[in-house]
Amino acid sequence: MLTALIIDDEAPSREELKALLAATPDVEVLGECANAIEGLSAIHRLRPDVVFLDIQMPRLSGLEMVSMIDASALPQIVFVTAYDEHALQAFEEHAADYLLKPIDPQRLARTLDWLRSGVRHSPRAFPGSTEKLRQIPCFGRNRIFLLALDEVEFVHTDIAGVQVVGDKRQGTTELSLKILQERTSLIRCHRQFLVNLDQIAEIELLDNGAAEIITRSGRRVPVSRRHLREMKDRLLIA
Amino acid sequence: MLEEINHLALIGSLMQQMCVYLVIAYLLSKTPLFAPLMQVTVRLPGKLVCYLVFSGFCVMGTYLGFQIEGAIANTRAIGAVLGGLLGGPIVGLAVGLTGGLHRYSLGGFTDAACAVSTTVEGLIGGGLHLYLLHRHRADRLLSPMIALGTTLCAELMQMLIILLMARPFDQAARLVAHIALPMMLTNAVGAALFMRLILDRRETLEKYSIAFSAKALRIAERSVGVLMQGFDERNCSRMAKVIQEETGVGAVAITDCEKLLGFVGVGAEHHLPGTPIASAHTRHAIDHNEVVYADGATVPYCCSVTKDCKLGSCLVIPLRGEENRVFGTIKLYEPKRKLFSSLNRTLGEGIARLLSNQVLAGRIEEQKRLLAQSEIKLLQAQINPHFLFNALNTLAAVIRRDPEAARQLVQYLSTFFRKSLKRIGNEATLGDEIEHVDAYLHIELARFADRLDVQFAVPNDLLPLRLPAFSLQPIVENAIKYGISQMLDAGTIRISAQRQAGVLTIVVEDSAGLYQPTPGGDGLGMNLVDRRIKIRYGAAYGIAVSCEPDCWTRVAIRLPVEEELAPC
């Protein structure tokens, strides 16, 4: 039994793929998403075996989305695209499978055979996975949005997940602190906090050797002893 | 009585002397040496020529004079005064000094007085030169009457100086009584005539250059743009006809590097366009990139087609294009009985330059047009696959759900491709363009389903207006590709048009507000449409983009349209 998730911004596309998969009894479609931001959340929530992923989607492309997922949490990805010469080249280089729209049912059957066989591709770097992120996909109250990185003051984890705090708005993101640390200019200042150096207004040194950052909008961010030295180095404070 | 006769005789001989003097001046006026004298020059070479010529005349005046009572009656003053008048005080001084020192070297009891007076005469001329320039009356410098008056005064001055300086006084007084009147008269008249000579020469040259410019202008005017349409037989024949009519030469031919393209005039019955170049002169002009002039005398000219040809002389001028490469020739002919006028020879080279530039401009224009056209074609070819496969994918889904809707979609798809594949050099009506865009948007509506809303606000009376085909669709496609399809929520595309004061403005607005001006990238289609409109209608028209981030992006296409006549 294979569980699948469909991420595509075009309704007829999702509809068609769903109809094709419905004809295969051992594939269960767990859900469908109309953009990559919802997709990130659904992947973490539903843990599908395979994701059928469109490439060209609003704001965040399928390729960008994959690069934001921890390798450990990454399901099998099958890219689905109508026409994208460059992307096709990229898949071949990275040995990921892909389907062309309109989807040929026989080609889809071969892909499913291969997925069932359980030959799992080792986690690999997708195109763009080393590029710095310029914005962070977030869920706010009743909406999804992309928060530009220079707007972000700090990021921290709590029970609800990873919180991104900007000067005007904040939201929850599906990206892990690890990915954010690797792919953005945010600096680790605490086990649960990353901070944007550009948003620091002052650093208050505490008696116990730790410190507290006060951001431009007046929020307080803890700095652990472990990370204070590195923090100072980065800011060229002796 | 005896005195009277002597006076008349002296005037007579001085007049004769002056005639010889003027004949020499006339001959000199035919040489290029005279050119700097015809205008008031301020540059050193001109002044130098002025000095040399008038010093020469000064010395000549002395030599042509004759001995009288131990002195020399002469026309030296003309050189000194005119030198000063035309060359200014320094030249005047130099001429006077030269003439004076030369006179001094010949001796006689008035030698010193003559030397001083000649120098003073030069200075008088120079002083007047300065005065007139100062008063901005430089034109009066060449007036014969001014020359007459000045020389009269200068001679008067000379007589006074002789009286003052020459000794013994009584001999000087007798001499002055004897020569004053004849010398003053002849010198003054001589100076005026000399000046007249200069003026005549100048007028002749002006007439020549006026005739030259008039002809050149008329040829330029009548030939505007003819060769820009292409360097071929039809245009070359038209061009040759214009040149032949305006220059009045016997015949005119235009060739490329292989064959005759146009021939008009005497001998047209056997010089046929399309025939290969036979003349050795033409081949030489092409191979060596130089002007060949076969005047029929020193360089023999013989028609290369038939012995009976009436043409007797020929001027071949190469036409030069990029990097000075020869791409053809223009040939002017005169019949055997007629001489080649120098006017037409000079004009010929100007015409060759005119033609070369026209052909060059035409080629550049053509290249620009081809480039814009091929880029648009490229654009069509580039964008369609994206659209095509997405459309087919949508169609596949719709067929499953609603075959009737799918049939309609196929109709829209075929309308869209039919319009896209139409030759893009052509014009289309706004109605055609809207239909094209409408078919396109229907497919996108199916593709984006609930995410897209489309509004049209185009008044019906604007639909017949004409604009370059394929101007609107790329803009709408951009609005989808970089606008609506990048929105997380639903969006709207609004297309409106209005006409005001002969300008049609079509506005395509999307509700995404994601426009980012990146050169070449997102605006490829838009840039091409803009360029095409600008090439066609001028820089005042084309595309303007405005954007309110996250609210809207507005693309306005502006182009001129002909106001239709008001219904009676």
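The values are calculated or read from the model by the stated rules, or taken from the named source; none is laboratory data. Here the structure is a predicted model, which means the values were calculated and not measured. Neighbour counts are summed over all protein chains in view; Cβ atoms, including those assigned to glycine, are modelled from backbone coordinates with ideal geometry.
Brief remarks on what is shown
- Test: residue A:130 is under 14 Å from the mean Cα position of the chain (by Cα) and at pLDDT 90 or above: no
- Residue B:267 at pLDDT 85 or above and under 30 Å from the mean Cα position of the chain (by Cα): no
- Criterion (closer than 17 Å to residue B:82 by Cα, part of a helix (DSSP H, G or I) and among the aliphatic types (A, V, I, L, M)) met by exactly one of B:163, B:181, B:175, B:156: B:156
- Enumeration of residues in region B:155-193 that are among the charged types (D, E, K, R) and touching a residue at least 60 places away in the same chain (Cβ under 8 Å): B:155, B:174
- Of all residues in region A:75-121 being in a loop (DSSP other than H, G, I, E, B) and within 14 Å of chain B (Cβ to nearest Cβ), the one that is modelled with the lowest pLDDT: A:84
- For residue B:475: the one exception among (1) closer than 30 Å to residue A:9 by Cα; (2) in a loop (DSSP other than H, G, I, E, B): (2)
- Total residues in region B:384-408, condition hydrophobic (A, V, I, L, M, F, W, C) and more than 10 Å from chain A (Cβ to nearest Cβ): 2
- Residue within region B:128-147 that is out of contact with any Ser or Thr (no Cβ under 9 Å at 6 or more places or on another chain), in the same structural domain as residue B:67 (by the TED database) and either farther than 30 Å from residue B:203 by Cβ or aromatic (Phe, Trp, Tyr) (or both) present: yes
- Taken as a whole, the structure leaves residue B:262 outside the set of residues that are in a loop (DSSP other than H, G, I, E, B) and touching a Lys or Arg at 6+ places or on another chain (Cβ under 8 Å).
- Search result, residues across region B:216-230 that are surrounded by 22 or more Cβ atoms within 10 Å (Cβ to Cβ) and modelled with pLDDT of 80 or more: none
- Selected residue (criterion: surrounded by the fewest Cβ atoms within 10 Å (Cβ to Cβ)) from residues of region A:38-52 that are in contact with an Asp or Glu (Cβ under 8 Å, 6 or more places away or on another chain) and hydrophobic (A, V, I, L, M, F, W, C): A:40
To keep it simple, each residue is scored yes or no on (1) out of contact with any helix residue (DSSP H, G or I) (no Cβ under 7 Å at 6 or more places or on another chain); (2) within 14 Å of chain A (Cβ to nearest Cβ).
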residue: B:478; (1), (2): no, no
residue: B:490; (1), (2): no, yes
residue: B:496; (1), (2): yes, no
residue: B:525; (1), (2): no, no
residue: B:528; (1), (2): no, no
residue: B:536; (1), (2): yes, no
residue: B:539; (1), (2): yes, no
residue: B:549; (1), (2): yes, yes
residue: B:561; (1), (2): yes, no
